[in-house]
Amino acid sequence: MDIFGDIPWYIYFAAMILKVLVAFVFVLLTVAYATYAERKLIGFMQVRIGPNRTGPIGLLQPIADGIKLFFKEEIIPAQASKFAFVLAPLVALVPAFISFAVIPFGDSIQIAGYKFPLQIAAYADKAGTVYDLNIGVLYILAMASLGVYGIVLAGWSSNSKYSLLGGLRASAQMISYELAAGLAIVCVFMVSQSLSLQAIVADQSGLFGWYIFRNPFLFVAGIIFFICSLAEINRTPFDLPEAETELVSGFCTEYSSMKYAMFFMAEYANMVTVCAVMTTLFLGGWHGPLPSVLNFIAKVYVLMFVCMWIRATYPRYRYDQLMKLGWKVFLPITLFLIMGNAIWMTLFK
Amino acid sequence: MSPFAELFPLIVYTIATVLIISGLLLAAWWLGAKTTSRNKEMPYESGVIPSGSARRPLSVPFYLIAIFFIVFDVESAFIFIWAAVWDQLGMAGLLHITFFIVALLLGLAWLWLKGGLEWGPTKQVRGSRSEERGL
């Protein structure tokens, strides 16, 4: 069993299964309660109460919603392309979950003389050297691109005009902002000299070690990355694909029951992933005053709160404004940031 | 060390996610009501009976955006590679990438000037439309 490294195979497997379970359950629970938190928070921000009937202060609301959606009828429009229609929710949700696999959610822990890195795609050998997927950042970018397929498939296969328009808008928006988001994190590679997320987090210890505080260019890059990520996952103020005043529900107009819930879950799972990536690349990952995993969770939740805050605050963009912002503002700025960062780092080595 | 050891959990996680989500979809299909009718299976168009197929031709700007994306994304792949080793490439690498990025920016400026990034009706179309209305 040498292919699984030099630690005993049963320890390797036990650690792997445990990590997979913990990460999956964490993302799933966060997604479920993010919907509750969002409704409650936006309720308070608009001087309403929000859900408060199911369970104490409405805490059972996500569970009630889930059970209800399970028992709803699944309608497949007669003119839809059946296979693509059924496949689309799966293609939208899976990348949102699996990009979490390369994110280190805590410091390595030591149990019975073996070291276990808290990251799914990683392992440590007997000597304690941690190996992880050495192209973690590229993997995250790749998964973000895969999410577009689910939405395009959903929009096209429904064979409905609203869906088609929503799908088209979503795909054009996502690819435009993916470009700026990808170029914004080039500044991170330049500082870290590595694409492995373990290495990137290890390099950010201490408060002013966080990449966002390293130099002014990285600070701007971090903010641009966060905004572009919001646009890429179709969050307000960039939620044009599902602008309900013009497109009913956009690409998922024809979906019902659990399939509709899948798109909803994909949106929130993407939000968790984006906040986790932002934490890892710019905000020091699991470094901080608390135990490592708690730091990570706290930072992710603060960023998710910011997402909801933005949703309650800003009105929606118009489509031409959105594309203008992506191509005429963020793209040139990120290209300049790369140059600026290179010059800064050469001068202040 | 073996490169497989860190990749294997990723594969397991992917398979587990696909299985669990398909399981959820299947369970919902099995649990949900199944009473269909012709009206229910019609595409939703705000209460109007839909006419014709929805597989309509796309607007050209969407196609242009897709082409621009491919051009810029391939080029950003070169920038990624340079950024990961830029310290070792030194001044020569920096000069090369400066040239490359300036070329990219010039390309973007050209698109901008030619109106490839404009959305909505152009000035000429807007002008001719207002003429038709007698304005």
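Taking all protein chains as present, what is the carbon and sulfur share of the accessible area of the protein assembly as shown, in % to the nearest whole number, probe 1.4 Å? Can you show the working numbers first?
Values: 15980 of 22700 Å².
Reported share for carbon and sulfur atoms: 70 percent.
Taking a cut-off of 15 Å between Cα atoms, list the aspartates and glutamates near B:LYS34, but don't count ones fewer than 8 places away on the same chain.
A:GLU73, A:GLU74
Which ³J(HN,Hα) values, rounded to whole Hz and listed in residue order, are derived for segment A:95-103 from phi using the Karplus coefficients 6.51, -1.76 and 1.60 in 6.51 cos²θ - 1.76 cosθ + 1.60 with θ = phi - 60°, glycine and proline given as x?
So the Karplus estimates, Gly and Pro as x, are x, 4, 7, 7, 5, 5, 5, 9, 8 Hz.
Given a 1.4 angstrom probe, what's the average accessible area per residue across segment B:60-119, in square angstrom? The partial results should precede the final answer.
Details: 3500 Å² over 60 residues.
Value for segment B:60-119: 58 Å² per residue.
Per residue in segment A:288-330, which ones lose no less than 20 Å² of accessible surface when going from chain alone to all protein chains (1.4 Å probe)?
Correct list: A:TYR319, A:ASP320, A:MET323, A:TRP327, A:LYS328.
What is the helix-to-structure angle for A:9-45, meaning the angle in degrees between its Cα long axis and the longest Cα principal axis of chain A, kept from 0 to 90 and rounded to the nearest 10?
Orientation of helix A:9-45: about 50 degrees from the principal axis.
Report D for chain B in µm² per second (integer): Stokes-Einstein, Kirkwood Rh on Cα pairs, 4 °C, 1.567 mPa s.
Result for D is 58 µm²/s.
Which percent of Cα pairs goes in each bin when the distances of segment B:60-119 are cut into 5 angstrom slices starting at zero?
4, 17, 22, 21, 14, 10, 7, 4, 1
Please check segment B:5-23 for residues whose accessible area, probe 1.4 Å, is lower by 40 Å² or more when all protein chains are in place than in their chain alone.
The answer is B:ALA5, B:GLU6, B:PHE8, B:PRO9, B:LEU10, B:TYR13, B:THR17, B:ILE21.
At R0 = 35 Å, how high is the FRET efficiency between A:PHE305 and A:TYR10 if r is their beta carbon distance? Nearest 0.05 is fine. Don't skip to the answer; put the middle values down first.
Working: r = 41 Å, r/R0 = 1.17.
Rounded to the nearest 0.05, the efficiency is 0.30.
Give, ordered by residue number, each residue of segment B:36-61 whose 1.4 Å probe accessible area is reduced by a minimum of 50 Å² on adding the remaining protein chains to the chain alone.
The answer is B:LYS40, B:GLU41, B:PRO43, B:TYR44, B:GLU45, B:ALA54, B:ARG55.
Which three extents, in whole angstrom, do the alpha-carbon atoms of the protein assembly as shown cover along their principal axes, largest first?
73, 56, 47
Give the lysines reachable from A:LYS324 as a straight Cα distance under 18 Å; neighbours fewer than 8 places away on the same chain don't count.
List returned: B:LYS114, B:LYS123.
With the crude spin-label approximation of a point 7 Å out along Cα→Cβ, what separation in nm comes out for B:LEU7 versus B:TRP110?
Computed distance between label sites B:LEU7 and B:TRP110 equals 3.9 nm.
Can you pick out the pairs among A:LYS72/A:LYS161; A:LYS19/A:LYS259; A:LYS259/A:LYS299; A:LYS161/B:LYS40; A:LYS40/A:LYS259; A:LYS72/B:LYS40 whose Cα atoms lie more than 20 Å from each other?
Checking Cα-Cα distances, A:LYS72/A:LYS161; A:LYS19/A:LYS259; A:LYS259/A:LYS299; A:LYS40/A:LYS259 exceed 20 Å.
Return the calculated 222 nm mean residue ellipticity for chain B, to the nearest 500 deg cm²/dmol, obtained by summing -39500 (n - 2.57) across DSSP H runs with n ≥ 4 and dividing by the residue count.
Per the formula, -24000 deg cm²/dmol.
Taking beta carbons within 10 Å but only from partner chains, what does the mean come to for residues B:99-107?
Neighbouring Cβ atoms belonging to other protein chains average 2 per residue here.
List the accessible area buried at the contact between A and B, summed over both sides and calculated with a 1.4 Å probe, in Å² to the nearest 100.
Adding both sides of the contact gives about 6900 Å².
Under the 0.36 nm per residue contour assumption, what length would be gained going from the current alpha-carbon distance of A:GLU246 and A:GLN321 to full extension?
Fully extending the segment from A:GLU246 to A:GLN321 adds 25.4 nm.
With a sphere of radius 12 Å drawn around the Cβ of A:MET308, what net charge do the other residues whose Cβ falls strictly inside it have (Lys, Arg +1; Asp, Glu -1)? Write down the numbers at each step before the final one.
On the way: positive: A:ARG39, A:LYS40, A:ARG235, A:ARG311; negative: A:GLU38.
Every neighbour counted, the sum reads +3.
The values are calculated or read from the model by the stated rules, or taken from the named source; none is laboratory data. Given the structure is predicted, the values throughout are model-derived calculations rather than measurements. Every residue, glycine as well, gets a Cβ built from its backbone with ideal geometry; the counts of neighbours run over all protein chains shown. In case anyone asks, the SASA skips ligands and DNA or RNA and just uses the protein heavy atoms, side chains included. Shrake-Rupley method; radii C 1.70, N 1.55, O 1.52, S 1.80 Å.
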